[in-house]
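A quick write-up on the structure given underneath.
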Amino acid sequence: MSDHLESTVPEPAHAHAGAAPQASLPRLGAAAPLFEAVTTHGKIRLEDYHGSWVVLFSHPADFTPVCTTEFMAFAAIAPELRKRNVELLGLSIDSPTSHIAWVLNIKEKLGIDIPFPIIADSNKEVASLYGMLMPDESKTETSRCVFAIDPKGIVRAMIYYPLTTGRNTDEIIRLIDALQTTDKHGVATPANWKPGDKVIVPPPSTMEEVEARLKAGFECADWYFCKKAV
Ligand code: BEZ
């Protein structure tokens with residue numbers, strides 16, 4: 001086999017109805033595993049989201065307090081994500097009926113509408129494809145995982161949190177802003193970057209590039225470490 005063939009992006013994994021779930025872990029830069037799933041908004045396929053960013057996130061279980069705070073926080077950022085062409089998609093292995101009852105309960109007791117679909121992954125197919133199950137942590141619940149999938153269906157970021165720690169939804173917006181800034185300007189973003197801050201100019205790989213960047217008027221601490229405004 002030629003080097004070229006070996007380095008092509010592999011076909012995305014796919015959930016097959018009826019097949020025993022096989023645990024796997026998505027890879028950054030690879031095609032997001034495809035799936036079809038039952039949700040609180042009807043049947044969906046990941047392919048339906050082609051052209052939009054997707055934030056797919058799992059939670060351990062419905063009617064649990066940390067998850068409830070997270071759902072309120074995800075609902076609060078949904079409009080900001082929409083402005084960025086991002087769709088939210090929740091998941092746990094609870095049934096559709098449980099999801100619906102919990103969504104109604106959050107509305108009734110806490111006054112919050114949950115605007116995004118929640119996957120009822122009762123047979124753990126999607127959870128297995130995305131490595132959301134951590135048997136040493138829980139045999140029956142998905143961990144708190146977040147996958148940022150870009151409009152071409154590529155996995156661009158993954159966040160894994162344990163059962164006991166609620167996620168920071170501001171960080172999810174910051175992550176999307178950073179990924180979209182990288183795509184738009186071909187740059188990287190430094191620690192604790194936020195929109196408006198300077199970005200990192202990718203390191204040079206030739207002497208010619210070193211000389212060019214030193215003349216370009218970037219803010220450089222050294223030849224390999226330059227920032228610019230975008
Ligand atoms: C919660 O959401 O409150 C929770 C869920 C699983 C384990 C611990 C806390």
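Numbers below:
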read-out	value
Given (1) over 27 Å from residue 181 (Cβ atoms); (2) surrounded by fewer than 19 Cβ atoms within 10 Å (Cβ to Cβ); (3) within 16 Å of the ligand (Cβ to nearest atom), index of the condition residue 102 fails	(2)
Residue within the range 139-152 that is at pLDDT below 95 and either part of a helix (DSSP H, G or I) or within 28 Å of residue 24 (Cβ to Cβ) (or both) present	yes
Odd one out for residue 97 among (1) more than 16 Å from the ligand (Cβ to nearest atom); (2) within 16 Å of residue 118 (Cβ to Cβ); (3) surrounded by 14 or more Cβ atoms within 10 Å (Cβ to Cβ)	(3)
Residue 163 being modelled with pLDDT of 95 or more, hydrophobic (A, V, I, L, M, F, W, C), within 16 Å of the ligand (Cβ to nearest atom) and under 30 Å from residue 97 (Cα atoms)	yes
Those residues of the range 73-86 which are surrounded by fewer than 16 Cβ atoms within 10 Å (Cβ to Cβ) and of a type in the set (A, V, I, L, M), in sequence order	76
Residue in the range 206-218 that is part of a helix (DSSP H, G or I), farther than 19 Å from residue 81 by Cα and small (Gly, Ala, Ser) present	yes
Residue in the range 87-94 that is under 25 Å from residue 129 (Cα atoms), more than 16 Å from the ligand (Cβ to nearest atom) and either touching a residue at least 60 places away in the same chain (Cβ under 8 Å) or assigned to a helix (DSSP H, G or I) (or both) present	no
Residue selected from the range 53-67 under the condition more than 7 Å from the ligand (Cβ to nearest atom) and more than 25 Å from residue 31 (Cα to Cα), by the criterion surrounded by the fewest Cβ atoms within 10 Å (Cβ to Cβ)	63
Some residue of the range 118-135 being assigned to a strand (DSSP E or B) and either more than 15 Å from the ligand (Cβ to nearest atom) or among the charged types (D, E, K, R) (or both)	yes
Residue in the range 162-172 that is in a loop (DSSP other than H, G, I, E, B) and over 26 Å from residue 67 (Cα atoms) present	no
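The values are calculated or read from the model by the stated rules, or taken from the named source; none is laboratory data. All of these numbers come straight from a predicted model, not from anything done at the bench. Because the Cβ atoms are built from the backbone with ideal geometry, glycine has one as well, and the counts that use them run over all protein chains shown.
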